[in-house]
1. Looking at region 16-36 only, could you name the residues that are of a type outside the set (Lys, Arg) and touching a Ser or Thr at 6+ places or on another chain (Cβ under 8 Å)?
2. Restricting the search to region 176-193, which residues are touching a residue at least 40 places away in the same chain (Cβ under 8 Å) and of a type in the set (Asp, Glu)?
3. Can you tell me which of 12, 41 is within 10 Å of the chain's Cα centre (by Cα), open to solvent by less than 30 Å² (accessible area, probe 1.4 Å) and within 23 Å of residue 324 (Cβ to Cβ)?
4. Could you look through region 214-223, keep only residues that are part of a helix (DSSP H, G or I) and under 11 Å from residue 22 (Cα atoms), and pick out the one that is most open to solvent (accessible area, probe 1.4 Å)?
5. Are there any helices (runs of 4 or more DSSP H) wholly within region 145-213 with 1 or more residues that are farther than 18 Å from residue 300 by Cα and of a type in the set (S, T, N, Q), and if so which?
6. Counting only residues that are modelled with pLDDT of 75 or more and either surrounded by 14 or more Cβ atoms within 10 Å (Cβ to Cβ) or of a type in the set (Ser, Thr, Tyr) (or both), how many does region 230-258 have?
7. Could you say which residue among 31, 48 is surrounded by fewer than 24 Cβ atoms within 10 Å (Cβ to Cβ), of a type in the set (D, E, K, R), more than 27 Å from residue 125 (Cβ to Cβ) and in contact (Cβ under 8 Å) with a residue 40 or more places away in the chain?
8. Among all residue pairs at least 6 apart or on different chains, which show Cβ distances below 6 Å where the first residue, located in region 279-297, is farther than 12 Å from residue 262 by Cα and the second is of a type in the set (Phe, Trp, Tyr) and open to solvent by less than 50 Å² (accessible area, probe 1.4 Å)?
Amino acid sequence: MSDCPERPIIVVGCPRSGTTMLQLMLHAHPRIAIPPETRFVLAAYRERRDFGDLRVEANRRALARRIVDRRETRFCDLGLDPEETVERMAAAQGTLGSVLGTVFQGYAARFGKPRWGDKRPAYLHNVDLLLRLFPDAQFVNIVRDGRDCVASLKEMSWHRKDIYATVAAWARAVDDARRAARRLGDSQWFELRYEDLVTDPHTQLTALCDYLGEDYDPAMAEPSAVAEVAVPSFKTWHARTHAPVNTERVRSWETRLTTEEIALCEAALGRRLLANGYELSRNARPSPADLVRYGWTATPQRFIPARRRISRAAVRLRPTEDLAHLPTAPLPRAAEGAETAAHS
């Protein structure tokens, strides 16, 4: 059993790595609630100075209204009463982490659960930011074969990047995860592979629960049971979450990518693939033109770690900004019977 029931759980990973499946597995736990993907945490952090001192209730209320009233925040997917949420956010303690945490705490209360968290692939590239808001957060990173991620991303209607940027996105995800793991250590960073999770969910989820300080519950291995509640219906690209966990998409890159695309993936990602336990086919070599185009696409990412180090140094030099979430008692359980569908 967790000694800190409010310690947030943050799920990260490259897009199409299985983050939604993992979200549902965690949400199926009787003590944990992870909501559908939202769009307000990173935006609120970057726009925080627009609201002034959050120790002032009127400023907390203004932030709450921006989150609740705007469709792009995806607050509407949480199934929470907007006005009740505004009042809770306005009554929160005066830090950005506390105000934002109130939303997730309200979502957990909807299901009568004490622990809450969040899931968004983009958080993998913003770990520093999340730590300023939720210093004691426990991160869970899911890794999937880069070739399968590329194959899946290519088929998404919302994905606009070309093959070179798509390959580079997986490389960046792996590199950012490696840096975060070194920095945070075993108490705040846990990593698992998609392939291992779908092959033996009970073993992998038991290890995950040990990390979280929770007892494993077999319901976690059946995430489809909560998909109707925790995955918005408009997200048709998550249709497979309504089916039982299976290994059908493991190594699906062998038929979903062209020979040229496989060659590019393995040339660009080979070292990272091997480091994460994936074998290379080495059936072909990419053309020199493909390698040049990939190099031009990936090069700017090499400067991202240096920019982040400069940003962290600048934060340390500025006057201390109190953003951290301050623990509070869990909200009362939702009305009896209101959320029985979550476990039916």
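The values are calculated or read from the model by the stated rules, or taken from the named source; none is laboratory data. Keep in mind the model is a prediction, meaning the values are calculated, not measured. Positions of Cβ are generated from backbone atoms using ideal geometry, with glycine treated the same way; all protein chains shown enter the neighbour counts. What goes into the accessible areas is simple: the full protein's heavy atoms, side chains included, and nothing from ligands, DNA or RNA. Shrake-Rupley method; radii C 1.70, N 1.55, O 1.52, S 1.80 Å.
1. Quick first cut of region 16-36, residues of a type outside the set (Lys, Arg) only: 17-30, 32-36.
Result: 20, 21, 24.
2. 176, 191
3. Values: 41 fails: within 10 Å of the chain's Cα centre (by Cα).
Unique residue meeting the criteria: 12.
4. Our first condition is that a residue be part of a helix (DSSP H, G or I); within region 214-223, this holds for 218-221.
From the residues that got through so far, the ones that are under 11 Å from residue 22 (Cα atoms) too are 220-221.
Details: 220: 0, 221: 15 Å².
Applying the filter and picking the extreme gives 221.
5. By residue number, 146-154, 194-199, 201-212.
6. Of the residues in region 230-258, the ones modelled with pLDDT of 75 or more are 243-258.
Then drop every residue that is not either surrounded by 14 or more Cβ atoms within 10 Å (Cβ to Cβ) or of a type in the set (Ser, Thr, Tyr) (or both), which leaves 245, 247, 249-253, 255-258.
Summing the residues that are modelled with pLDDT of 75 or more and either surrounded by 14 or more Cβ atoms within 10 Å (Cβ to Cβ) or of a type in the set (Ser, Thr, Tyr) (or both) in region 230-258 gives 11.
7. 31
8. Final answer for the pair search is 293/164; 294/164; 297/164.
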